[in-house]
Amino acid sequence: MSLFFAYCSIFAALLSGLAALSTERRLPLLRITHALLGVTFRGRSGAIENARRYVDSLFMPVRYHERLRNVVFTLLGSSGLCAILSGAISLATGRVLTDTLPLGLPFLSWHVRIDALSGFFLCVLGIPLIA
(Lines give C-alpha, C1' and ligand atoms only; values in the text may rest on other atoms or scores of the structure.)
Protein backbone atom coordinates (compact mmCIF):
# COMPACT_ATOMS: atom_id res chain seq x y z
CA MET A 1 0.00 0.00 0.00
CA SER A 2 2.91 2.28 0.70
CA LEU A 3 4.20 1.93 -2.87
CA PHE A 4 0.76 2.75 -4.24
CA PHE A 5 0.64 6.04 -2.34
CA ALA A 6 4.22 6.82 -3.39
CA TYR A 7 3.31 6.29 -7.05
CA CYS A 8 0.18 8.42 -6.61
CA SER A 9 2.33 11.17 -5.12
CA ILE A 10 4.73 11.11 -8.06
CA PHE A 11 1.91 11.01 -10.60
CA ALA A 12 0.10 13.97 -9.00
CA ALA A 13 3.33 15.99 -8.86
CA LEU A 14 4.01 15.32 -12.54
CA LEU A 15 0.45 16.27 -13.47
CA SER A 16 0.74 19.51 -11.54
CA GLY A 17 3.92 20.33 -13.46
CA LEU A 18 2.15 19.67 -16.77
CA ALA A 19 -0.75 21.86 -15.70
CA ALA A 20 1.63 24.65 -14.70
CA LEU A 21 3.30 24.45 -18.11
CA SER A 22 -0.05 25.04 -19.82
CA THR A 23 -0.45 28.53 -18.34
CA GLU A 24 0.05 30.43 -21.59
CA ARG A 25 -1.35 27.75 -23.89
CA ARG A 26 -5.08 28.34 -23.55
CA LEU A 27 -5.94 28.50 -27.27
CA PRO A 28 -3.96 25.41 -28.38
CA LEU A 29 -5.51 23.44 -25.51
CA LEU A 30 -8.96 24.66 -26.55
CA ARG A 31 -8.35 23.51 -30.15
CA ILE A 32 -7.11 20.11 -28.99
CA THR A 33 -10.11 19.70 -26.72
CA HIS A 34 -12.53 20.59 -29.52
CA ALA A 35 -10.83 18.06 -31.80
CA LEU A 36 -11.07 15.37 -29.12
CA LEU A 37 -14.75 16.17 -28.60
CA GLY A 38 -15.38 15.73 -32.32
CA VAL A 39 -13.78 12.28 -32.20
CA THR A 40 -15.51 11.27 -28.97
CA PHE A 41 -19.04 12.32 -29.91
CA ARG A 42 -18.89 11.35 -33.58
CA GLY A 43 -22.37 11.36 -35.11
CA ARG A 44 -24.10 13.08 -32.17
CA SER A 45 -24.20 16.77 -33.06
CA GLY A 46 -26.34 17.82 -30.06
CA ALA A 47 -23.92 16.24 -27.61
CA ILE A 48 -20.97 17.88 -29.37
CA GLU A 49 -22.51 21.34 -29.12
CA ASN A 50 -23.34 20.92 -25.43
CA ALA A 51 -19.83 19.66 -24.69
CA ARG A 52 -18.25 22.50 -26.71
CA ARG A 53 -20.24 25.11 -24.80
CA TYR A 54 -19.12 23.59 -21.52
CA VAL A 55 -15.47 23.44 -22.63
CA ASP A 56 -15.63 27.03 -23.90
CA SER A 57 -16.88 28.14 -20.49
CA LEU A 58 -13.95 26.33 -18.84
CA PHE A 59 -11.39 27.98 -21.13
CA MET A 60 -12.75 31.54 -20.89
CA PRO A 61 -9.77 33.90 -20.56
CA VAL A 62 -11.20 35.64 -17.50
CA ARG A 63 -11.29 32.54 -15.30
CA TYR A 64 -8.73 30.27 -17.00
CA HIS A 65 -5.71 31.28 -14.90
CA GLU A 66 -7.65 31.08 -11.64
CA ARG A 67 -8.95 27.59 -12.46
CA LEU A 68 -5.52 26.47 -13.59
CA ARG A 69 -3.93 27.75 -10.37
CA ASN A 70 -6.55 25.85 -8.35
CA VAL A 71 -5.83 22.66 -10.31
CA VAL A 72 -2.07 22.99 -9.79
CA PHE A 73 -2.37 23.59 -6.05
CA THR A 74 -4.93 20.80 -5.63
CA LEU A 75 -2.63 18.35 -7.40
CA LEU A 76 0.35 19.45 -5.30
CA GLY A 77 -1.69 19.10 -2.11
CA SER A 78 -2.82 15.61 -3.08
CA SER A 79 0.79 14.75 -3.92
CA GLY A 80 1.85 15.84 -0.43
CA LEU A 81 -0.99 13.92 1.20
CA CYS A 82 -0.07 10.74 -0.67
CA ALA A 83 3.59 11.21 0.26
CA ILE A 84 2.69 11.56 3.94
CA LEU A 85 0.44 8.49 3.79
CA SER A 86 3.16 6.47 2.08
CA GLY A 87 5.77 7.58 4.60
CA ALA A 88 3.52 6.98 7.59
CA ILE A 89 2.60 3.48 6.41
CA SER A 90 6.24 2.58 5.83
CA LEU A 91 7.24 3.98 9.24
CA ALA A 92 4.40 2.16 10.99
CA THR A 93 5.05 -1.22 9.39
CA GLY A 94 8.84 -1.06 9.32
CA ARG A 95 8.92 -3.22 6.20
CA VAL A 96 11.21 -2.66 3.25
CA LEU A 97 9.31 -2.53 -0.03
CA THR A 98 10.99 -2.69 -3.41
CA ASP A 99 9.68 -2.47 -6.93
CA THR A 100 11.10 -2.27 -10.42
CA LEU A 101 9.46 -0.29 -13.21
CA PRO A 102 10.44 -0.58 -16.88
CA LEU A 103 11.05 3.17 -17.21
CA GLY A 104 14.16 5.09 -18.10
CA LEU A 105 17.03 4.16 -20.34
CA PRO A 106 16.97 0.88 -22.28
CA PHE A 107 18.10 -2.06 -20.16
CA LEU A 108 18.21 0.20 -17.10
CA SER A 109 14.92 0.08 -15.23
CA TRP A 110 13.71 2.30 -12.41
CA HIS A 111 14.20 0.73 -8.96
CA VAL A 112 12.05 1.98 -6.09
CA ARG A 113 12.78 1.13 -2.46
CA ILE A 114 10.81 2.40 0.51
CA ASP A 115 12.16 1.75 3.99
CA ALA A 116 11.96 3.61 7.30
CA LEU A 117 14.42 6.34 6.27
CA SER A 118 12.68 7.05 2.96
CA GLY A 119 9.34 6.96 4.79
CA PHE A 120 10.61 9.63 7.17
CA PHE A 121 11.72 11.84 4.30
CA LEU A 122 8.43 11.27 2.47
CA CYS A 123 6.66 12.62 5.55
CA VAL A 124 9.07 15.54 5.87
CA LEU A 125 8.70 16.52 2.20
CA GLY A 126 4.95 15.91 2.12
CA ILE A 127 4.21 18.51 4.82
CA PRO A 128 5.35 21.55 2.77
CA LEU A 129 3.55 20.18 -0.28
CA ILE A 130 0.25 20.22 1.59
CA ALA A 131 0.94 23.73 2.86
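Cut-off 10 angstrom, C-alpha nodes, Gaussian network model of the chain. Which of 105, 36, 76 fluctuates the most? Looking only at 105, 36, 76, the biggest GNM fluctuation is shown by 105. Computed with a 1.4 Å probe over protein heavy atoms only, the accessible surface of the chain comes to 68 Å² per residue.
Using only alpha carbons, the range 50-101 has a radius of gyration to Kirkwood radius ratio (Rg to Rh) of 1.31. Assign one of three labels to the range 90-131, namely rounded, prolate or oblate, based on the Cα gyration tensor with a ≥ b ≥ c the square roots of its eigenvalues; rounded applies when a/c is under 1.5, prolate when it is not and a/b is larger than b/c, and oblate otherwise. Verdict is oblate for the range 90-131.
Take residue 8: with every protein chain present and a 1.4 Å probe, its accessible area is about 40 Å². Each Lys and Arg adds +1 at its Cβ and each Asp and Glu adds -1 at its Cβ; summed about the Cα centre, the chain shows a dipole of about 500 debye. Between 89, 114, 48, where does the largest GNM mean-square fluctuation fall for the chain, given springs only between Cα atoms within less than 10 Å? Looking only at 89, 114, 48, the biggest GNM fluctuation is shown by 48. With K and R counted +1 and D and E -1, the other residues having a Cβ less than 13 Å from that of residue 58 yield a net charge of +3.
Per the Debye calculation on the chain with a single equal scatterer at every Cα and no solvent contribution, log₁₀ I(q)/I(0) for q = 0.09, 0.10, 0.21 Å⁻¹ amounts to -0.42, -0.50, -1.08.
What a 1.4 Å probe finds exposed on the chain is 71% carbon and sulfur by accessible area, rounded to a whole percent.
The values are calculated or read from the model by the stated rules, or taken from the named source; none is laboratory data. Treat the numbers as computed from the prediction; the structure is a model and nothing was measured. We place every Cβ from the backbone using ideal geometry, glycine too, and count neighbours over all the protein chains shown. With ligands, DNA and RNA removed, areas are computed over all heavy atoms of the protein, side chains included. Shrake-Rupley method; radii C 1.70, N 1.55, O 1.52, S 1.80 Å.
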